[in-house]
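**Student:** Please find one structure pasted underneath; my questions will follow.
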There are 2 protein chains.
Amino acid sequence: MEKRVIEFTDVTLRDGQQSLFATRVRTDDLLPALEKLDDAGFWSLEVWGGATFDVCLRYLKEDPWDRLKKFKQAAKNTKLEMLLRGQNLVGYRHYPDDVVEAFVKKAAENGIDVFRIFDALNDVRNMEVAITTAKECGKIVKGVLSYTISPVHTVDYYVNIARQLKDLGVDIISIKDQAGILSPKVAYDLVKRLKEEIKLPVHVHSQSTAAMAEMTLLKSVEAGADIIDTDVSTWSWLTAHPPNETMVYVLREFGYETKIDLDIIVEVAEYLKEVRKKYAKYDTVDKWPDCQVLIHQIPGGMMSNFINQLKENNALDKLDEVKKEVARVREDLGYPPLVTPTSQIVGTQALLNVVQGERYKVVTKETRDYVKGLYGRPPAPIKPDVMRKILGDEQPIQVRPADLLEPELDKCTEKAYQSGARNEEDVLSYCLFPQVALEFFQWREKFEKGEVLPPQIEELTQEEMKHLAPI
Amino acid sequence: MEKRVIEFTDVTLRDGQQSLFATRVRTDDLLPALEKLDDAGFWSLEVWGGATFDVCLRYLKEDPWDRLKKFKQAAKNTKLEMLLRGQNLVGYRHYPDDVVEAFVKKAAENGIDVFRIFDALNDVRNMEVAITTAKECGKIVKGVLSYTISPVHTVDYYVNIARQLKDLGVDIISIKDQAGILSPKVAYDLVKRLKEEIKLPVHVHSQSTAAMAEMTLLKSVEAGADIIDTDVSTWSWLTAHPPNETMVYVLREFGYETKIDLDIIVEVAEYLKEVRKKYAKYDTVDKWPDCQVLIHQIPGGMMSNFINQLKENNALDKLDEVKKEVARVREDLGYPPLVTPTSQIVGTQALLNVVQGERYKVVTKETRDYVKGLYGRPPAPIKPDVMRKILGDEQPIQVRPADLLEPELDKCTEKAYQSGARNEEDVLSYCLFPQVALEFFQWREKFEKGEVLPPQIEELTQEEMKHLAPI
Ligand SMILES: [Co+2]
Ligand SMILES: [Co+2]
């Protein structure tokens, strides 16, 4: 009998470093790894998007487009992949369609072969423009199911989203378990149903955070998954992803075929182990798994936030109450996944509800926007009494959030060139992050005149890390 | 259909702390955890034996027997378990039978309910006296299969050893994967065969070192394993063992039943997270998995030893040669598992063979003893030409190593009381570690007179850690 081939996407250079070192690794340190990984037999290499774009401009003073061009030159054999947050692109708000289209086209033009496209609420309307644009560019699209646990997030729910994604033309269905809470059992059931009913290749991504991801990938493969995500061992595990070497070894033992050349991976692992030392300042992740997330459905980061904020308010005795309130707020709001940005919305609101002594007495702008539908359609309907308390007589929008946005590209192109942009790539950087891009352009001018040095990673503060949005 | 019950042994307080913090955690820090774990539904708690005995006396200046008595008082509901290295007991050489019998009886008397008994070479003759003594005391015995990979270490090989252990009267067959190299596939096959042919309960222990252990435990359970080993999450993972919370969660998702009360585990996890901070000095384990051990069969510790020693000899370019020589030496010597003490024997000899430029030109005392049979019977015959080169005309012993040892108990009892022993427990400490026990007795005298303080864990040096033998 012919062996089943399991393909791998390496995510070390994007999600791996983002999960372990606050996305701080420089292009020069990534390139030698990329060159070797290019020969190692991966289906693709996820190297761009997510937080890397913002961090390049904001902290590293690197041009993210320049990084992509260099990556493309180095990767002669393997497809390059990026993570795109649907209508949010690589930013933190919805952009109008003209910006989304221009960005996707420019990313394709500069070297992205595979677009991994997701929306935190699984609102397919927020993914549609990015998906169709990438397909028009002739690129491969992984349509993402953003995984979470709730009464509405059943296998049926996800199969239904996958069907919508297939109708939009995605090539691959990607299960993205950003919080590390996808159990091996659910992974097995979900992959099996997707393979049977959607009949597209299935890709699985799971975070190691709760020490569950290796089991989840193994059971996914048993159920028929075609591609899985791993990191090179020395930048793997903990809050990142399962190590490539281990998964290759385990799958081969079971009789699956993989194309990975482990001798090359060993070389890359040794190289990355050395590079890791340079980023020790950012290498602060705990040495143990976060199992609370399995028991209380609350990610470790959110929990430590609560503890800090309650301490400041001299109200640490209310921690249990806040934990319970998170579950209630999440239910009120239609069970949004606890990932960026909805984890912040739910967490802050739960804290306010407890500290104020009255639920929804004080409501953040973000909660109001969420209830109004400005982030997209919640997975389940928002509770009517909560909606009334927050919006009063106002009605939530029924259209896609980006339908309310005016085109921006022309206006921001003009401003961008006034601010120091030199080409279309710069213009897009400016459209996404005007202030950050402006400062980058100004820095670049000075740097070229020899008036400033590149920022040393050692000089960056803990404070800066707080500005980083995960995923 | 009735749910299958999966039982858990918690190993946090013995193997967990030994794997993560060089066994340095004090009784006072362990007791509060033990008291809670006692109510959490474990089948047993592994809390004694291994390196803890030596470290208590040598570094912590604690009486290990006193620790056991305190543990027994704290554990009202749950069986206490110890790791016993067969004829080596908790030391590093073979002891005569009278010492083995006395030690096992005294451990049983002071509170050990379950004896986990192993021999690095799987030479059942080295386990026999300990097993029969423990059974005579009416205790439960887990007979261990010490797992390694080689052409002779097949599933058939292990089933055969298990049969011998069953004939000796063990209650449970225990698969011990100390190096983290037991693949989920082999675990599945081995457990299945053991369940079918040996018809005893099967227990599985696997180190997380290579990020494989969670998968290995899951597949073991699928194949019929009855008991698995875990640590509480905040002292789990990395070079230790899978987190309890995750395994309980995963197995429940699959429909298995466990008796674990996760609310208690969460409390213990929080407590141990705080205790961990006190031992930061010993908490130096790498934050990534050791995957080399899967690819080159060489454990990470051995590899870094080679690198250090070759550097000192200005011969780092010979690293690849040494790696290959390890495999050849291991083959020459009949495929001993690369665990203490045979990993040291093989590693040192391989290094000598390469550095000297001629194989077995220089032979260590340990290699000679091993070839003579003084450690027990090798898994496969030693190559005749290697044996001749090392032993000359001398013949290896055919008997059990301890058959060559005179009784020691009477003589060492006398010396022990002369050296400051106060009771039979002290006598056994002295029989096992004469010099270390003597120094402990002297320290105790002074401490009781108020002349010295207890050693501060902060005062212990890195150098001391080298003396610690793992497992
Ligand atoms: Co990820
Ligand atoms: Co262990």
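What follows is calculated from the coordinates using simple rules that are stated; it is not laboratory data. The structure presented is a predicted model; accordingly, all values stated were derived computationally and were not measured. Quick reminder, even Gly has a Cβ in these numbers, built from the backbone with ideal geometry, and neighbours come from all protein chains shown.
**Student:** Identify the residues of region B:294-310 with backbone N under 15 Å of a label point that sits 7 angstrom from the Cα of residue B:318 along the Cα-to-Cβ direction, or state none.
**Tutor:** What the label zone holds, given the 15 Å backbone N cut-off, is B:306-310.
**Student:** Kindly rank A:253-266, A:354-367 from highest to lowest mean number of other beta carbons found within 10 Å of each residue.
**Tutor:** Values: A:253-266: 16.6, A:354-367: 14.5.
The peptides rank, most packed first, as A:253-266, A:354-367.
**Student:** Given Cα pairs under 8 Å that are at least 6 residues apart, what percent is the relative contact order of chain B? Show your work: numbers first, answer last.
**Tutor:** Numbers: 829 pairs, mean separation 84.9, N = 471.
For chain B, the relative contact order is 18 percent.
**Student:** Next question. Can you compute 3J(HN,Hα) from phi for each residue in region B:366-380, using the Karplus curve 6.51 cos²θ - 1.76 cosθ + 1.60 with θ = phi - 60°, rounded to whole Hz and x for Gly and Pro?
**Tutor:** Residue by residue, region B:366-380 yields 5, 4, 4, 4, 4, 5, 5, x, 6, 9, x, 7, x, x, 10 Hz.
**Student:** Counting alpha carbon pairs within less than 8 Å and at least 6 residues apart, what relative contact order, in whole percent, applies to region A:1-131? Don't jump to the answer; show the numbers that get you there.
**Tutor:** Details: 183 pairs, mean separation 30.4, N = 131.
Relative contact order of region A:1-131: 23 percent.
**Student:** Now for a separate question. Taking the convex hull of the Cα atoms, report for region A:7-282 its projected area averaged over all directions, in nm².
**Tutor:** Quarter of the Cα hull surface area: 13.2 nm².
**Student:** Moving on. Excluding residues on the same chain fewer than 8 positions from residue A:277, give the aspartates and glutamates whose Cα lies under 16 Å from its Cα.
**Tutor:** Reachable aspartates and glutamates: A:28, A:29, A:458, A:459, B:286.
**Student:** Same structure again: So what J values fall out for region B:38-45 if you push phi through Karplus, 6.51 cos²θ - 1.76 cosθ + 1.60 with θ = phi - 60°, rounded to Hz, Gly and Pro as x?
**Tutor:** With the stated coefficients, region B:38-45 comes to 4, 9, 9, x, 6, 5, 7, 10 Hz.
**Student:** Relative contact order for region B:196-260: what percent, with Cα pairs under 8 Å and sequence separation of 6 or more? Each step should come with its number before you reach the end.
**Tutor:** Values: 81 pairs, mean separation 19.3, N = 65.
30 percent.
**Student:** Enumerate the calculated ³J(HN,Hα) couplings along region A:302-309 in order (Karplus 6.51 cos²θ - 1.76 cosθ + 1.60, θ = phi - 60°), each rounded to whole Hz, writing x wherever the residue is Gly or Pro.
**Tutor:** 5, 4, 5, 4, 4, 4, 4, 6
**Student:** Mind checking the mean number of beta-carbon atoms from other chains within 10 Å of the Cβ atoms in B:234-240?
**Tutor:** Counting Cβ atoms of other protein chains within 10 Å of each residue's Cβ and averaging gives 4.
**Student:** Kirkwood hydrodynamic radius, region B:296-403, all distinct C-alpha pairs: what's the number in Å?
**Tutor:** Working: mean 1/r = 0.0705 Å⁻¹.
Hydrodynamic radius (Kirkwood, Cα pairs) of region B:296-403 is 14.2 Å.
**Student:** Which of the cysteines found in chain A have nothing to pair with, since no other Cys Cβ lies under 4.7 Å from theirs?
**Tutor:** Within chain A, the cysteines lacking a partner Cβ under 4.7 Å are A:56, A:137, A:291.
**Student:** Amide H to amide H under 5 Å from residue A:206: which residues, 5+ apart in sequence or cross-chain, H placed 1.01 Å off N in plane?
**Tutor:** So residue A:206 has HN proximity to A:177, A:229.
**Student:** Averaged across the residues of B:243-254, what count of C-beta atoms belonging to other chains lies within 10 Å of each residue's C-beta? Before the final figure, lay out the partial values.
**Tutor:** Details: counts 8, 1, 9, 11, 4, 3, 10, 10, 2, 2, 9, 5.
Mean inter-chain Cβ contacts per residue within 10 Å come to 6.
**Student:** Taking the inverse of the average 1/r across all pairs of different Cα atoms in region A:93-150, what Kirkwood radius in Å do you get? List each step's numbers first, then the result.
**Tutor:** Working: mean 1/r = 0.0843 Å⁻¹.
After inverting the mean inverse Cα-Cα distance, the result is 11.9 Å.
**Student:** Ranked highest first by average number of other Cβ atoms within 10 Å, how do B:51-58, B:17-24 line up? Spell out each step's value before the answer.
**Tutor:** On the way: B:51-58: 23.6, B:17-24: 25.2.
Descending packing order for the listed peptides: B:17-24, B:51-58.
**Student:** If you take the beta carbon distance between residue A:66 and residue B:328 as r and set R0 to 35 Å, what does 1/(1 + (r/R0)^6) give as a FRET efficiency, to the nearest 0.05?
**Tutor:** The computed FRET efficiency comes out at 0.10.
**Student:** Rounded to the nearest 0.05, what FRET efficiency is calculated for residue B:76 and residue B:391 with R0 set to 60 Å and r the Cβ-Cβ distance? Walk me through the numbers on the way to the answer.
**Tutor:** Values: r = 54 Å, r/R0 = 0.91.
It comes out at approximately 0.65.
**Student:** Tell me what chain A gives for mean residue ellipticity at 222 nm when only DSSP H runs of n ≥ 4 count, each as -39,500 (n - 2.57), the sum divided by the residue total, rounded to 500 deg cm²/dmol. Let's see the in-between values first.
**Tutor:** On the way: 21 runs with 219 residues, N = 471.
That comes out to -14000 deg cm²/dmol.
**Student:** For chain B, which semi-axes, largest first and in whole Å, follow from the square roots of 5 times the eigenvalues of its Cα gyration tensor? Numbers along the way, then the final one.
**Tutor:** Working: eigenvalues 200, 164, 113 Å².
After diagonalising the Cα gyration tensor, the semi-axes are 32, 29, 24 Å.
**Student:** If you don't mind, another one. Just rank B:241, A:94, fewest to most, by other beta-carbon atoms within 10 angstrom. Don't skip to the answer; put the middle values down first.
**Tutor:** Details: B:241 32, A:94 23.
Result, fewest neighbours first: A:94, B:241.
**Student:** If you take each beta carbon of peptide B:207-217 and count the beta carbons of other chains within 10 angstrom, what is the mean?
**Tutor:** Numbers: counts 0, 4, 0, 6, 14, 10, 2, 11, 11, 3, 1.
Across B:207-217, the average partner-chain Cβ count within 10 Å equals 6.
**Student:** Could I ask something else about it? Extension gain residue B:271-residue B:423, at 0.36 nm per residue separation less the Cα-Cα distance, in nm?
**Tutor:** Using 0.36 nm per residue and subtracting the Cα-Cα distance, I get 51.2 nm.
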